[in-house]
1. Using 1/(1 + (r/R0)^6) with R0 = 45 angstrom and r between the beta carbons of Lys137 and Leu319, what's the FRET efficiency to the nearest 0.05?
2. May I ask for the net charge around Gln165, where only other residues with Cβ less than 14 Å from the Cβ of Gln165 are counted and Lys, Arg are +1 while Asp, Glu are -1?
3. According to a simple spin-label model (label point 7 Å from Cα along Cα-to-Cβ), what is the distance in nm between Trp327 and Asp71?
4. Please give the peptides 157-164, 61-68, 205-212 ranked by average Cβ packing (other Cβ atoms within 10 Å per residue), highest first, as a rough proxy for protection.
5. Within 10 Å of each residue's Cβ, count the other Cβ atoms and sort Glu261, Glu90 from fewest upward.
6. As an exercise, use a Förster radius of 22 Å and the Cβ-Cβ distance of Asn260 and Ala79 to find the FRET efficiency, rounded to the nearest 0.05.
7. Sorting Ser216, Ser81 on the 10 Å Cβ count, fewest up front, what's the list?
Amino acid sequence: MEIDGSNSEDEDTFSPTRQETDKKLFGKTFGTDNKKKTNVLKRPRKPRANIRRPNTVKMTRLHGTDIAYTDDIKIGQGATSIVYKGYYGEIPCAVKRVDSEYVDVYENELAIWQHMKDKTEDGNVNIVSLFKWHPWKEGGGGTTYYFAMELALCDLAKRVKELKQWRDAKDPQFVEQEKKLPRFLHGAVKGLMWIHNKRILHRDIKPENVLIFETSNGEIAKLGDFGISRKLSETSTGTNSVGRGTSDWMAPEALQAMNNEETFFSTRNIDIFSLGMTSHYAISLGSHPFKFKSRFGIFIMTNIMQKSVQPTNLNYPHLDADHLFQWMMQKEEKQATKFS
């Protein structure tokens, strides 16, 4: 069933006010009209006093929960999900919707979230926080799945695009904003270190999955979207049931397995390779390290897979960064790598 904001047995449509906010006690489970349960993963931070839901925006609330969103404000879309701007209680959040045909993706992502929570009480500052998840039984018998998560300012891909526009327009804010890029990449590395230490592989690192947030100490980056993540040392194939990464940002061994439908053991190297490409893209303001003409053509995926094709280099003043990124994007056989 496509949610269109109309009144139905499954959902309530309303223009939210503070008085209409459901008063819930965090840390409990609550039944819904269709006997489903919502689950609270962690207590969100207390909202700032000046946060108000706009009365002019028509919201769709999941009946019996404190999750609401608007179909009119879509902030992201992937192969298996759509992300809308919404509210968790009175806290602005991102609401990720996964349709029933991708139940394996939902269950996998939920298992990863729970595994990460089990490993630490407070989580990690460079990992996107999940407030609540909720399976919703539709009238036609299918189930739609929702995640209420932290709301980002934007992702790294959008910030790079903005930087290019500011540079071309000679906007004075370009210089200061560009200086933040190393900090964002540092945040992504810290997030990746943390999940690797918990024996989790992300498997879909790309600029769109490095999210930027505003904090009291300035803007920081966090890793998000764990829909196809897996625990370390699990066997993977190029056509596994929980999806695959984005081909232009995948490591050569993962691409080769996908093309040949071969089984391979996932290692930390596939995430490090992808983060190397993502880092190069950010520092170069939008140039993919394998998007160039070679004897194999200008196909990024082909250039990544061919051992004889090496990534492009960054020029001055980014020579130190280039040495690091080239190491991250090594293609030759090597032992499993880890950050330390």
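Values in this text are rule-based calculations from the coordinates and carry no lab data. Note that this is a predicted model, so its numbers are computed, not measured. Backbone-built Cβ (ideal geometry, glycine too); neighbour counts: all protein chains shown.
1. The computed FRET efficiency comes out at 0.20.
2. +2
3. Those two pseudo-labels are separated by 5.2 nm.
4. Taking the mean over residues of other Cβ atoms within 10 Å, the ranking is 205-212, 61-68, 157-164.
5. Lowest to highest Cβ neighbour count: Glu261, Glu90.
6. So, using R0 = 22 Å, E works out to roughly 0.55.
7. Fewest-to-most Cβ neighbours within 10 Å comes out as Ser216, Ser81.
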